[in-house]
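Colleague: I have a structure I would like to understand better, so I am pasting it below and will then ask my questions one at a time.
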Amino acid sequence: MDTAAALALGDDALVLSHRLGEWAGHAPVLEEEVALANIALDLLGQARVLLSLVGDEDELAYLREERAFRNLQLVEQPGGDFAHTIARQLYFSGYQYLLYERLAADGGPLSGLAAKAVKEVAYHRDHAEQWTTRLGDGTQESHRRMQRACDALWRYTGEMFRPVEGLGLDAEDWVLLDAAWTARVTEVLTGATLTVPEGPRADAWSAGGGREGLHTEPFGRMLAEMQHLHRSHPGASW
Amino acid sequence: MTSVTTEAYEAAFDAAVAADERIEPRDWMPEAYRATLIRQMAQHAHSEIIGMQPEANWITRAPSLRRKAILMAKVQDEAGHGLYLYSAAETLGVSRDELLDKLHTGRQKYSSIFNYPTLTWADVGAIGWLVDGAAITNQVPLCRCSYGPYARAMVRVCKEESFHQRQGYELLLALSKGTPAQHAMAQDAVDRWWWPSLMMFGPPDDASAHSAQSMAWKIKRHSNDELRQRFVDICVPQAESLGLSLPDPDLRWNEERGHHDFGAIDWSELTEVIKGNGPCNEQRLGQRRRAHEEGAWVREAAAAHAAKRRTAQHTEPREATA
């Protein structure tokens, strides 16, 4: 198994699962407590399979330093309000769905995992798209918040389509994934009466170092919280 | 309704309860029975959603990915239990919004046990073993409660609670058999949670305000003291297998009674916690209110969107039919 590929996809799932777990006890409605936890659990399950392909899941999750994580900067962004969480879900689940669908079809080393995960992710994407529609085309306030969230996270979306080594995809595949993602997100945002953000997605001002271990400031604090207890008891089993 | 018919309805209700039949939402029931059930089911639902907080406190710090997955699933189950219980209460003619409003304004209570803090990871285990264990002891008899929707909700809740109790026990066992620091963490948690768990069964029988009527209506099947004794008897051998002690010097087997004797409970503590003076009352209710207030715009958006969809459906031109 290619380590870089497993870490990239595994860390995405691990970190986003953690961010979604932060909602427990804080969601706007009881049904969302259940839904967000459900998505977080699916992602954690994916992360555990992927990390275990290349090492010990707990060593990888709890004992790596910030610069050794290979997740996208998008997934480490703090939850913000519910609109930010939904925008993050919309962007990420759309990407993850297309990527896993592609990996499931190609018979490569991750195709088994991808085939199972794509079914879960189809639900995550549906959840995010429905909420995007409700919030975009709900009240003036929800529209304003959803637009602001979509705009704020837009700069993190270009990174998703930078080639990951070891997945068996060539440069053209990534261009096609990006095009399919953009088309779908455009359709959802437009249908939700939202404007597709216009800022840069891939150049000097936009995010893009996550796969090389360059992260944003909030990520260090997230890891400090996540790893503290495990690191306080070296060698202990739980 | 004439008094003669009321009497006939009452007689039919009493006969159904006496025959261990289930009362269903459309059946006639005395107002006091309805009010008692609403109070109890609401308090139970509120306890599930407030009870998410002390455990959610450790989701982001869970020390292994396996433990994190188990804890997330458990907290999710509690949200699910809240959903079933609010739905079951709605069959009695109250809405979830009304009940939440009563919780937020302090007119309805939740279990006082959740006003204690989770200070270490071992508290997650102690809550599972002791708090969920006490809850199961209380709730298993509710599966035979006279009110159908409540009894049926409890069947599902109890299955999941028994998984929660086992995970708590297993978590504590790993700590107890772990490093000295882990063992000490487990013992400290059990020391702090034991007495509050015994108080979960409510005041002693002679001081329990609602017990007698609830027993007569078969909402409640066993007295507070009976259930508390059952719980102590279950816990003592489990604590031994865990290699942990229970913080009660008076705890010992009584051959004559066939039960464990245990020390006097400090009821003034429970009274204080119920009055709002527990360690976390303000924090728990504050977080619940804040989540509700901060989520208001989301709920309003969902309602506004649904209303737009309904209007759009009504105004779309109908297709011409032959």
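We did not get these values from a lab; they are worked out from the coordinates using the rules stated. Not measured: the values here are computed from a predicted model. Every residue, glycine as well, gets a Cβ built from its backbone with ideal geometry; the counts of neighbours run over all protein chains shown.
Colleague: Zone of B:ARG156 (label point 7 Å along Cα→Cβ, backbone N under 19 Å): which residues in segment B:80-116?
Modeller: B:80-97
Colleague: Please identify the trypsin sites (Lys or Arg not before Pro) of segment B:24-91 that satisfy two criteria: DSSP loop assignment and at most 14 other Cβ atoms within 10 Å. Which are they?
Modeller: B:ARG26
Colleague: In whole angstrom, how far apart do the alpha carbon centroids of segment B:284-311 and segment A:116-169 sit?
Modeller: Here the two parts' Cα centres lie 21 Å apart.
Colleague: Can you give me the pair-distance distribution of the protein assembly as shown, C-alpha pairs, 20 Å bins, whole percents?
Modeller: 19, 46, 29, 6, 0
Colleague: Let me ask something else about it. How large is the helix-only mean residue ellipticity at 222 nm for chain B, computed as the sum of -39500 (n - 2.57) over DSSP H runs with n ≥ 4, divided by its residue count, in deg cm²/dmol to the nearest 500?
Modeller: -20500 deg cm²/dmol
Colleague: Contact order normalised by length for chain B, with contacts defined as Cα pairs under 8 Å and 6 or more residues apart; what percent is it?
Modeller: Rounded, it is 17 percent for chain B.
Colleague: Okay, moving on. To the nearest whole number, what is the average tally of beta carbon atoms from other chains within 10 Å of the beta carbons of peptide A:223-229?
Modeller: The shielding value for this peptide is 3.
Colleague: Hey, with R₀ at 45 Å, roughly what FRET efficiency would B:ALA15 and B:LYS275 work out to, going by the Cβ-Cβ distance, to 0.05?
Modeller: Taking R0 as 45 Å, the efficiency between B:ALA15 and B:LYS275 is 0.65.
Colleague: What's the extension gain from A:THR186 to A:SER111 if we count 0.36 nm per residue and subtract their Cα-Cα distance?
Modeller: 24.2 nm
Colleague: Suppose every Lys and Arg Cβ carries +1 and every Asp and Glu Cβ carries -1, with no other charges. What dipole size does segment B:65-172 come out with about its Cα centre, to the nearest 20 debye?
Modeller: It works out to roughly 180 debye.
Colleague: So what are the three principal axis dimensions of segment A:3-232 from its Cα atoms, in whole Å, longest to shortest?
Modeller: Principal extents (Cα only, largest first): 48, 43, 35 Å.
Colleague: Follow-up question, since we're still on this one. Using a Debye calculation, one point per C-alpha and no hydration shell, please list log10 I(q)/I(0) for chain B at q = 0.08, 0.12 Å⁻¹ in order.
Modeller: With no solvent term, the Cα-only Debye profile gives -0.44, -0.90.
Colleague: Which three extents, in angstrom, do the Cα atoms of segment B:127-281 have along their principal axes, listed largest first?
Modeller: 50, 40, 33
Colleague: Give the average, rounded to an integer, of partner chain Cβ atoms located within 10 angstrom of each Cβ in B:117-123.
Modeller: 1
Colleague: Tell me, how many Å apart are the Cα centres for segment B:194-259 and for segment A:174-218?
Modeller: Cα centres, segment B:194-259 to segment A:174-218: 58 Å.
Colleague: Once you put a point 7 Å from the Cα of A:GLU172 and another 7 Å from the Cα of A:GLN140, both along the Cβ direction, what distance in nm separates them?
Modeller: Taking the two extended label points, one gets 5.1 nm.
Colleague: Going highest first, how would you order B:213-221, B:108-116 by mean Cβ packing within 10 Å?
Modeller: Highest-to-lowest ranking by the protection proxy: B:108-116, B:213-221.
Colleague: Take every residue in peptide B:168-176, count the Cβ atoms of other chains within 10 Å of its Cβ, and give the average of those counts.
Modeller: 1
Colleague: Tally Lys/Arg at +1 and Asp/Glu at -1 over every other residue whose Cβ is under 9 Å from the Cβ of B:HIS81; what's the total?
Modeller: -4
Colleague: Apply 1/(1 + (r/R0)^6) to the Cβ-Cβ distance of B:ASP205 and B:ARG144, taking R0 = 25 Å, and write down the FRET efficiency to the nearest 0.05.
Modeller: The pair B:ASP205/B:ARG144 has a calculated efficiency of 0.80.
Colleague: Still on this structure, I have one more. Given the C-alpha centroids of segment A:1-77 and segment B:121-188, what is the distance between them in whole angstrom?
Modeller: Taking the Cα centre of segment B:121-188 as reference, the centre of segment A:1-77 is 27 Å away.
Colleague: Let me ask you something else. Using 0.36 nm per residue, how much length does the chain from B:ALA264 to B:LYS109 gain when fully extended, once their Cα-Cα distance is taken away?
Modeller: 53.3 nm
Colleague: Can you compute the modelled spin-label distance between B:ASP101 and B:ALA306, with each label point 7 Å from Cα toward Cβ, in nm?
Modeller: Distance between the two pseudo-spin positions: 1.7 nm.
Colleague: Which net charge results when you count Lys and Arg as +1 and Asp and Glu as -1 among the other residues whose beta-carbon is under 10 Å from that of A:TYR62?
Modeller: -2
Colleague: Run the quick spin-label model on B:LEU119 and B:HIS292: label points 7 Å from Cα toward the beta carbon, then report their separation in nm to one decimal.
Modeller: The answer from the label model is 3.0 nm.
Colleague: If we count every other residue with Cβ under 12 angstrom of B:ARG96's Cβ, Lys/Arg +1 and Asp/Glu -1, where does the sum land?
Modeller: -3
Colleague: Something else about it: So which GluC sites (Glu not before Pro) in segment B:238-322 are both in a DSSP loop and have at most 10 other Cβ atoms within 10 Å of their Cβ?
Modeller: When the GluC sites (Glu not before Pro) of segment B:238-322 are filtered for loop state and at most 10 Cβ neighbours within 10 Å, B:GLU255, B:GLU256, B:GLU319 remain.
Colleague: As an exercise, use a Förster radius of 60 Å and the Cβ-Cβ distance of A:VAL29 and B:GLU255 to find the FRET efficiency, rounded to the nearest 0.05.
Modeller: 0.65
Colleague: Additional query: Can you give the longest stretch of chain A with no exposed loop site, where a site means GluC sites (Glu not before Pro) in a DSSP loop (not H, G, I, E or B) with at most 14 other C-beta atoms within 10 Å?
Modeller: For GluC sites (Glu not before Pro) (loop position, at most 14 other Cβ atoms within 10 Å), the longest site-free span of chain A is A:66-164.
Colleague: So which aspartates and glutamates can B:LYS177 reach, going by Cα to Cα under 15 Å and dropping same-chain residues fewer than 8 places off?
Modeller: B:ASP188, B:GLU240
Colleague: Further question on the same structure: In whole Hz and in residue order, list the ³J(HN,Hα) couplings for segment A:189-200 that follow from phi through the Karplus curve 6.51 cos²θ - 1.76 cosθ + 1.60, θ = phi - 60°; x for Gly and Pro.
Modeller: 5, 5, x, 8, 6, 9, 9, 5, x, 10, x, x
Colleague: Would you list, by chain and number, the lysines whose Cα falls below 27 Å from the Cα of B:LYS109, excluding same-chain residues fewer than 8 positions away?
Modeller: Those lysines meeting the cut-off are B:LYS74, B:LYS159, B:LYS218, B:LYS220, B:LYS275.
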